[in-house]
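Data first, discussion second: the structure below is written as structure tokens.
The values are calculated or read from the model by the stated rules, or taken from the named source; none is laboratory data. Just so you know, these numbers come straight off a predicted model, no measurement behind them. For neighbour counting, all protein chains shown are included, and Cβ atoms are generated from backbone atoms with ideal geometry for every residue, glycine included. Only protein heavy atoms, including side chains, enter the accessible area calculation; ligands, DNA and RNA are left aside. Shrake-Rupley method; radii C 1.70, N 1.55, O 1.52, S 1.80 Å.
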Number of protein chains: 2
Amino acid sequence: MIRPMARTNTRFVEAYNELLNLCDQLEVGAYLPSENALSAQLGVSRTVIRSALTRLDDCSIIALDGREKILRRHSNAEDRLEGPPVLLGIEELESRFLDWVLRMDVPPGTVLNVAQLSKDFSVATHTLQEFFSSLSRFGIVVRRPRGGWVLLGFTKNYAVELSDFRTVLELNSVRHLAALPLDHEIWARLDSLEQEHLDLLQRIDKDFHDFSPLDEKFHAVINSVVVNRFVKEFQKIISLVFHYHFQWNKTHERERNEDAIREHLALIEALRSRDADKAEAAARRHLATSKQTLLSSLETNSHAT
Amino acid sequence: MIRPMARTNTRFVEAYNELLNLCDQLEVGAYLPSENALSAQLGVSRTVIRSALTRLDDCSIIALDGREKILRRHSNAEDRLEGPPVLLGIEELESRFLDWVLRMDVPPGTVLNVAQLSKDFSVATHTLQEFFSSLSRFGIVVRRPRGGWVLLGFTKNYAVELSDFRTVLELNSVRHLAALPLDHEIWARLDSLEQEHLDLLQRIDKDFHDFSPLDEKFHAVINSVVVNRFVKEFQKIISLVFHYHFQWNKTHERERNEDAIREHLALIEALRSRDADKAEAAARRHLATSKQTLLSSLETNSHAT
DNA sequence: TAAGCTGTCTTTAATAATAATAAACATATT
DNA sequence: AATATGTTTATTATTATTAAAGACAGCTTA
């Protein structure tokens with residue numbers, strides 16, 4: 001009779017195999033460490049260690065009697081246990097899901113089938129539920145009145161509001177940055193960033209694809225001067241949305257990227273002058289361009305309303 | 001044998017009782033409407049209607065034969081079904097949870113016991129899970145490596161970062177507002193707000209408790225000029241945190257509130273001059289005071305680190 | 001015969017039951 | 001006294017199951 005396996009025994013299996021390794025390093029006849037020591041060493045609870053020891057005893061690998069754990073033989077390939085398929089955690093899910101939505105161009109209003117998606121992404125259904133719940137904070141999905149989820153974004157409105165929000169946050173970062181003292185490490189980082197931009201500009205005709213990661217890095221550095229968990233959280237979504245769309249929009253890609261590089265350089269220049277107004281103006285220019293790029297990339301795809 | 005009730009049959013029970021009402025309004029011997037009609041009328045699926053009709057037949061309230069549904073008798077009290085206890089949805093949970101954390105002064109680092117809390121709040125455990133997942137976006141809770149949740153906020157750091165974030169958003173709103181044309185409806189709303197502030201100032205000695213809702217209203221109006229879903233989402237948390245703490249901090253409450261009213265009035269005045277710099281300065285002053293109030297209210301409570 | 005109805009079946013989400021794990025407590029051994 | 005094991009309890013993650021919704025096809029009646 002197959003009993004329902006309520007919770008995966010991954011921890012047990014891994015601990016058991018690890019114990020086999022440990023045993024193989026000992027002489028036959030040697031004593032194993034205490035349960036407490038083993039549990040500390042393998043980083044699992046004593047409960048898991050005890051189950052594993054019991055099984056080792058059942059397989060005659062050790063002789064278990066009270067606190068005596070005598071090694072009787074070394075292990076062979078058959079002794080190894082195979083764990084259940086590993087499910088993804090909620091962190092890996094995030095980028096895979098947004099990737100799916102943005103790349104597959106899933107239209108707004110799509111009803112999200114939790115059962116199906118959990119298979120596709122190889123996660124537990126409740127993991128998806130939790131994930132959707134957290135995404136609902138960003139208005140990407142909404143819960144339907146009696147169960148189920150609907151994909152809301154990414155509409156044109158969403159893009160506009162996201163861009164505006166990004167602008168608010170990033171202008172704040174820029175103003176902070178311009179006020180930092182000259183011995184702050186940020187200036188060295190900006191110098192190095194500037195060099196990378198100049199390098200890419202040299203070989204823009206063939207390497208224009210390299211701009212996307214550089215853009216991500218650039219904005220990350222700018223925003224790094226503001227230490228704020230809310231800013232950080234939003235940066236994740238902003239970065240994902242902007243850069244996925246960036247990668248798609250193939251119209252005038254070389255020119256767009258070249259223009260963006262020049263805007264970045266202008267911003268670096270303005271920041272270095274430590275003139276807040278000048279820096280803000282340069283940042284505004286670039287963010288406006290970015291917004292336009294995002295909007296036009298949505299328009300080339302059909303269902304942005 | 002009691003079978004496990006996987007999903008609550010609230011919908012069935014409610015539909016059944018509703019059907020009883022409907023039957024009681026008919027003469028004995030009358031025909032009931034079609035399943036489709038009933039399902040449309042009661043707003044439930046035909047599946048539920050069919051189960052209910054079958055039960056009505058079993059109880060000899062109707063005679064069910066194909067599409068003939070003849071009423072045989074009126075219902076009595078015993079026929080009524082009692083549903084399972086109603087669980088709260090995730091929306092009600094939000095304010096109740098934050099209320100609990102803030103009022104009960106749950107210390108940061110507390111491990112949140114989902115099983116226990118789900119009883120206390122009378123919600124399903126998975127509802128809590130989802131809720132925590134969404135709260136984790138705001139860094140109020142974090143998931144522990146192997147299951148479970150820990151309450152993070154509200155530490156001093158959290159308060160500082162929340163205040164700073166609030167300042168960024170609200171200064172943006174203020175700059176927007178100052179640029180709005182004179183015929184915009186916002187000016188009338190500000191006039192009325194100003195009057196409410198002046199009124200309260202008159203009777204501040206006895207009614208200083210009335211300030212908290214007025215403060216909430218004031219900031220809501222200021223921020224209403226920016227239409228942005230991300231701003232709105234944050235306003236919810238900001239408003240909750242600030243106003244709960246506001247209500248606790250009893251030290252110099254009258255003076256604090258009077259000062260805050262004067263700062264509000266100064267901001268309204270500055271906004272009306274439509275001088276962005278002046279308005280920004282006034283807003284900064286008030287937000288700084290607000291931040292200090294929040295911090296001091298955390299310090300009076302023991303465990304802000 | 002067309003419109004509407006019911007019978008049947010499929011799909012999906014919400015919940016309870018359950019196994020895995022962690023942790024606390026009690027007892028035994030060195 | 002310190003550390004080990006034995007036992008019990010609490011809690012989470014996952015599965016199995018049920019309620020509900022919806023789709024489809026065949027029947028009935030006007």
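Being within 30 Å of A:LYS236 (Cβ to Cβ) and modelled with pLDDT of 90 or more: is that true of A:GLY43 here? Even if it seems obvious, please write down each step before you answer.
On the way: within 30 Å of A:LYS236 (Cβ to Cβ): yes; modelled with pLDDT of 90 or more: yes.
Spelling it out, A:GLY43 is indeed within 30 Å of A:LYS236 (Cβ to Cβ) and modelled with pLDDT of 90 or more.
Within region B:126-137, the set of residues being within 30 Å of B:SER290 (Cβ to Cβ) and open to solvent by 10 Å² or more (accessible area, probe 1.4 Å) comprises B:SER136, B:ARG137. Restricting attention to region A:72-125, the residues that are open to solvent by less than 80 Å² (accessible area, probe 1.4 Å), touching a strand residue (DSSP E or B) at 6+ places or on another chain (Cβ under 7 Å) and assigned to a loop (DSSP other than H, G, I, E, B) total 4. Against the criterion of being among the β-branched types (Val, Ile, Thr), over 22 Å from B:GLY147 (Cβ atoms) and assigned to a helix (DSSP H, G or I), A:THR54 qualifies. Residues in region A:18-40 that are farther than 16 Å from A:LEU71 by Cβ and either of a type in the set (Ser, Thr, Tyr) or more than 8 Å from DNA strand D (Cβ to nearest atom) (or both): A:SER39, A:ALA40. A residue that is at pLDDT below 95, within 14 Å of chain A (Cβ to nearest Cβ) and open to solvent by 60 Å² or more (accessible area, probe 1.4 Å) occurs somewhere in region B:230-237. A single entry from A:ILE61, A:ILE140, A:ILE49 fulfils the requirement of being within 14 Å of DNA strand C (Cβ to nearest atom), crowded, with 17+ Cβ neighbours inside 10 Å and of a type outside the set (Asp, Glu): A:ILE49.
Of everything listed in (1) within 11 Å of DNA strand D (Cβ to nearest atom); (2) polar (S, T, N, Q); (3) in contact (Cβ under 8 Å) with a residue 12 or more places away in the chain, the single unmet condition for A:THR125 is (3). Within region B:22-39, restricting attention to residues that are open to solvent by 60 Å² or more (accessible area, probe 1.4 Å) and more than 9 Å from DNA strand C (Cβ to nearest atom), the residue that is nearest to the other protein chains (Cβ to nearest Cβ) is B:GLN25. Taking B:THR289, is it among the β-branched types (Val, Ile, Thr), closer than 24 Å to B:LEU98 by Cα and open to solvent by less than 80 Å² (accessible area, probe 1.4 Å)? Here the answer is yes, as B:THR289 does meet what is asked. Anything in region A:25-40 that is part of a helix (DSSP H, G or I) and farther than 10 Å from A:ALA15 by Cβ? List them, or say none. Scanning region A:25-40 gives A:GLU35, A:ASN36, A:ALA37, A:ALA40. How many residues are out of contact with any helix residue (DSSP H, G or I) (no Cβ under 6 Å at 6 or more places or on another chain), more than 14 Å from every other protein chain (Cβ to nearest Cβ) and open to solvent by 40 Å² or more (accessible area, probe 1.4 Å) if we restrict to region A:143-195? Residues in region A:143-195 being out of contact with any helix residue (DSSP H, G or I) (no Cβ under 6 Å at 6 or more places or on another chain), more than 14 Å from every other protein chain (Cβ to nearest Cβ) and open to solvent by 40 Å² or more (accessible area, probe 1.4 Å): 10 in total.
Among the residues making up region B:115-140, those that are within 12 Å of another protein chain (Cβ to nearest Cβ) and either more than 18 Å from the chain's Cα centre (by Cα) or closer than 11 Å to B:ILE90 by Cα (or both) are B:ALA124, B:THR125, B:HIS126, B:THR127, B:LEU128, B:GLN129, B:GLU130, B:PHE131, B:PHE132, B:SER134, B:GLY139. Counting the residues of region B:217-228 that are within 14 Å of chain A (Cβ to nearest Cβ) and either crowded, with 16+ Cβ neighbours inside 10 Å or more than 22 Å from A:LEU162 (Cβ to Cβ) (or both) gives 4.
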